[in-house]
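What follows is a single structure, written as structure tokens, with notes after it.
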Protein chains: 2
Amino acid sequence: MLKEPTIATPQECADCPIRHRAVCARCEPQELGLLEEIKYYRKFEAGQTVIWAGDRMDFVGSVVTGIASLTQTMEDGRTQMVGLLLPSDFVGRPGRDGAAYDVVATTDLVMCCFRKKPFEHMMENTPHIAHRLLEMTLDELDAAREWMLVLGRKTAREKIASLLSIIARRDATLRQVGMTGTLVFDLPLTREAMADYLGLTLETVSRQISALKRDGVIELEGKRHVTVPDFVRLMEEAGDDSDGGMLA
Amino acid sequence: MLKEPTIATPQECADCPIRHRAVCARCEPQELGLLEEIKYYRKFEAGQTVIWAGDRMDFVGSVVTGIASLTQTMEDGRTQMVGLLLPSDFVGRPGRDGAAYDVVATTDLVMCCFRKKPFEHMMENTPHIAHRLLEMTLDELDAAREWMLVLGRKTAREKIASLLSIIARRDATLRQVGMTGTLVFDLPLTREAMADYLGLTLETVSRQISALKRDGVIELEGKRHVTVPDFVRLMEEAGDDSDGGMLA
DNA sequence: GTTCGCGCTTGATCTAAGTCAAAGATATGA
DNA sequence: TCATATCTTTGACTTAGATCAAGCGCGAAC
């Protein structure tokens, strides 16, 4: 049913975020040379599983293009998405062999991977890599904690508004903003995936999106293309304080 | 209403977890010497706030004894606990000035603190510190993600069972286990704090604890002293798979 | 000892979100 | 073109947990 991932060519990773953002922001050229020997690229189609929870994981890597999700599943099938990986986000944990979560390609996906052992070795010898990784991990921890507030205390409507504003904030196309506060983007998630992220059912997601549309908070073109006429209004609906959830 | 924290004496931190666990597991003696110059100790009473979200935070540190909680609060007062800090857990973020969450002493608390600037400087020059901090942060991230499943998908009863098994697992007194699987510990949280951690109301927490008692999953002596006759049964009630939520 | 206060329990009722069910959009492929 | 499948919407009904409202138990202060 699912195809094997294909190996992508290095050219597809000209702007590899690991190289330029995660690891090597302050690296010396000779370190980049080392990097080239241990990195490779993988492509996945929407819906493919990158790795199953519990599987042995002999690489670490980061998202180049597309979106991946981390999900946890209980024996009875209840599932909770615990992370949304956008381009430049890091996957995998140096020092651990097994994957802790299912990683699934939510859209078509290109990842930039490093064989784990050499990566760990490189980390030992390159302090900046560990520092950069610490910084990224702390950002992820903050995101996870922000999400705990969403899951634990927000209403269904606030949850939807929170998700929309997070996607909008991280989506590059938000540069269509302009002075008006208007903002346009495409939802990269099905209603079911949104439900899994928000701890809701897909029916409730659908109803709340309809309600936000009815109330003029968002406009929809098709199922996925969203226009937010007033981002401040959306953030109010999300129950965030006026700074929009940006951390100091 | 709240007292100022008092400075504790170094003697109270003979087994300082930062020194022995977080930072200096592999440090050289001269590095320990440097450490001594920038670290100090603070004591708080149960209920005192260590730091408010948004405040300037000029230290990092870790819990020596007692329990602290990280909480987020919305304007209308809804609050969600996003982390429980037990002895040896680290607080604060190198590279950021403001606190992201309220930190509150849940029980009487002793913390071991480091002035931030010198700590950051030391981190630059001591790779093991960054590595150890990365490891700890990844552990916290895993804990946060495990908690997202609890908040998003578990029933009230499963939430209570999950919290009890987490506290039991981390509580030192669980060494009273023995071969029987019986396990005894004290709850370090009020019903309200449990509710804030679990995304429930305190009434629901109370009802579910009563129900678990009625069903023989736990026994209570007073409000806080808990006996778990069969830890496997508790984990089943938590909806965890048989490995008890331990990561590979 | 009595009274206060706080943390906790329990009951009655309400409601937001879940469940079950049907049907409307799009897209894919024969 | 029509059949099939997936994703989505909407409606009717149910329910887990919230809300509102008494009280209980127990230590601290008088």
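The values are calculated or read from the model by the stated rules, or taken from the named source; none is laboratory data. Keep in mind that this is a model prediction, so the values were computed, not measured. Neighbour counts run over all protein chains shown; Cβ positions are idealised from the backbone, glycine included. All accessible areas refer to the heavy atoms of the entire protein, side chains included, with ligands and DNA or RNA removed. Shrake-Rupley method; radii C 1.70, N 1.55, O 1.52, S 1.80 Å.
The residues of the range A:123-144 occluded by other protein chains by 30 Å² or more of accessible area, set against the chain on its own, are A:M123, A:E124, A:A130, A:H131, A:L134, A:T137, A:L138, A:E140, A:L141, A:D142, A:A144; surface from heavy atoms, 1.4 Å probe.
Solvent-accessible area assigned to carbon and sulfur over the range B:98-148 amounts to 53 percent, based on a 1.4 Å probe.
Under a Cβ-Cβ cut-off of 11 Å, what is the net charge of the residues other than A:V226 that fall near it, where Lys and Arg count +1 and Asp and Glu count -1? Local charge sum for A:V226: -1. Element breakdown for the range A:155-238 at a 1.4 angstrom probe: carbon and sulfur atoms account for 52% of the accessible area. In this calculation the C-beta distance from A:R170 to B:E124 is compared with R0 = 30 Å, giving a FRET efficiency of 0.50. Accessible area per residue for the range B:155-238, computed on protein heavy atoms with a 1.4 Å probe, is 48 Å². Along its first, second and third principal axes, ordered by size, the range A:88-194 spans 48, 33, 26 Å in Cα coordinates.
When chains B and A come together, the accessible area they lose, probed at 1.4 Å and totalled over both chains, is close to 4500 Å².
A point 7 Å from Cα along Cα→Cβ stands in for A:Y40, and the other copies hold the same point at 5.5 nm, listed in rising order.
With the simple model of a label 7 Å out from the Cα in the direction of the Cβ, B:E192 to A:D76 spans 3.2 nm. Think of each Lys and Arg Cβ as +1 and each Asp and Glu Cβ as -1; about the Cα centre, that makes the dipole of the range B:155-238 roughly 60 debye. Extension gain, A:I38 to A:K117: 0.36 nm times the residue separation minus the Cα-Cα distance gives 27.5 nm.
A point 7 Å from Cα along Cα→Cβ stands in for B:L86, and the other copies hold the same point at 3.5 nm, listed in rising order. In this label model, A:D55 and A:R233 are separated by 4.4 nm, measuring between points 7 Å along each Cα→Cβ vector.
Taking the Cα centre of the range A:85-166 as origin and assigning +1 to Lys and Arg Cβ atoms and -1 to Asp and Glu Cβ atoms, the resulting dipole is close to 200 debye.
For the range A:148-239, just run the numbers: alpha carbon Rg, then divide by 2.2 N^0.38 Å, N being how many residues it has. Each step should come with its number before you reach the end.
Values: Rg = 12.2 Å, N = 92, 2.2 N^0.38 = 12.3 Å.
So the range A:148-239 has a normalised radius of gyration of 0.99.
Rounded to the nearest 0.05, what FRET efficiency do B:R207 and B:D108 have when you use their Cβ-Cβ distance and R0 = 35 Å? Write out the running numbers ahead of the final one.
On the way: r = 29 Å, r/R0 = 0.84.
Plugging the Cβ-Cβ distance into 1/(1 + (r/R0)^6) gives 0.75.
Computed from backbone phi, the HN-Hα couplings of the range B:118-126 come to x, 5, 4, 4, 4, 4, 4, 9, 10 Hz, rounded to whole numbers (Karplus: 6.51 cos²θ - 1.76 cosθ + 1.60, θ = phi - 60°; Gly and Pro given as x).
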